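Structure record follows, encoded as structure tokens.
Each value in this text was obtained by applying a stated rule to the coordinates, not by laboratory testing. These numbers were taken from a predicted model, which means no experiment stands behind them. Methodologically, a virtual Cβ is constructed for each residue, glycine included, from the backbone with ideal geometry; neighbour enumeration extends over all protein chains shown.
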Ligand code: HEC
């Protein structure tokens with residue numbers, strides 16, 4: 001317990017002493033490049049309604065290709081861990097859409113392997 005408290009404190013003190021001074025030339029920032037839109041396809045509206053309140057489309061689309069079960073688990077995690085207000089009836093549509101988006105790399109009307 002003591003060590004657990006000591007280490008962060010020591011790091012904090014070290015950081016305070018050694019931190020370089022950062023000066024900005026101006027106050028503007030450049031946001032990362034984000035495609036910002038979901039490709040057309042069945043289930044797109046369900047994803048917009050249930051998922052895009054908290055994060056951008058790229059959070060969902062730029063993921064490793066995962067199975068249906070893993071997408072279902074991810075949606076469940078959004079609900080249980082992050083309290084996402086997801087309509088339970090929309091979950092199959094959302095999962096279908098995301099699988100299709102990954103399979104078709106943009107063309108979500110293509111048939112996906114199950
Ligand atoms: C209430 C806010 C909220 C909603 C709504 C939400 N998410 Fe998330 N989501 C999060 C948070 C918070 C993270 C974690 C972000 C991080 O780690 O930087 C996350 C992360 C993710 C990730 C990254 C991988 C992972 O497992 O962390 C995916 C994929 C994802 N969400 C998909 C979805 C989908 C699909 C939906 C719609 C069903 C959805 N999210 C709705 C809050 C939300």
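Do you know which residues across segment 77-97 are free of Cβ contacts under 8 Å to residues at least 12 places away in the same chain, near the ligand (Cβ under 10 Å from one of its atoms) and on the phi < 0 side of the Ramachandran plot?
Here is the first cut: in segment 77-97, the residues free of Cβ contacts under 8 Å to residues at least 12 places away in the same chain are 77, 79-81, 83, 88-89, 92.
Next, only the ones that are near the ligand (Cβ under 10 Å from one of its atoms) stay: 77, 79, 81, 83.
Matches in segment 77-97: 77, 79, 81.
When segment 55-69 is limited to residues that are over 13 Å from the mean Cα position of the chain (by Cα) and more than 9 Å from the ligand (Cβ to nearest atom), the one that is nearest to residue 96 (Cα to Cα) turns out to be 68.
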